[in-house]
Amino acid sequence: MLIGGILLLSAEQIRAGRALLGWSAQQLADQVGVSIHTVQRLETGKVPVGKAKVQTIEGIKRSLADGGVVFLDDGFGVTLARKDGME
């Protein structure tokens, strides 16, 4: 989802992306350099994703994408990138 030129992720995409990779909230937090509480508040909606620091959202997106998560344009879905050789 793009708002004002800034790519936003939904709480659902963060949770689903992390689940697809089999990462704990702590692992994602460590990858991004934020506290586990930041990840948990974003995933539960206690802090709306649109109110989070841009660098936090960009870090989450980058970390999940680097792990192979592909974000769908619907603002809610994610999938894993296909690996070479998969039919």
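A short reminder: the numbers here are calculations on the coordinates, not readings from a lab. All of these numbers come straight from a predicted model, not from anything done at the bench. So basically every Cβ, Gly included, is an ideal-geometry build from the backbone, and we count neighbours across all protein chains shown.
Here the chain is treated with +1 on each Lys and Arg Cβ and -1 on each Asp and Glu Cβ, and its dipole about the Cα centre works out to around 340 debye. Among 22-29, 56-63, sorting by the average number of other beta carbon atoms lying within 10 angstrom of each residue, highest first, gives 56-63, 22-29.
Between LEU80 and HIS37, the modelled labels are 3.3 nm apart [label points 7 Å from Cα along Cα→Cβ].
Helix-derived [θ] at 222 nm for the chain: sum -39500 (n - 2.57) over DSSP H runs of at least 4, divide by residue count, nearest 500?
Details: 4 runs with 41 residues, N = 87.
Value at 222 nm, helices only, nearest 500: -14000 deg cm²/dmol.
Around the amide H of VAL78, modelled in the peptide plane, lie the amide H atoms of LEU72, all under 5 Å away and 5 or more residues distant in sequence or on another chain.
Note on the chain: Cα Rg divided by 2.2 N^0.38 Å, N the number of residues, gives 1.04.
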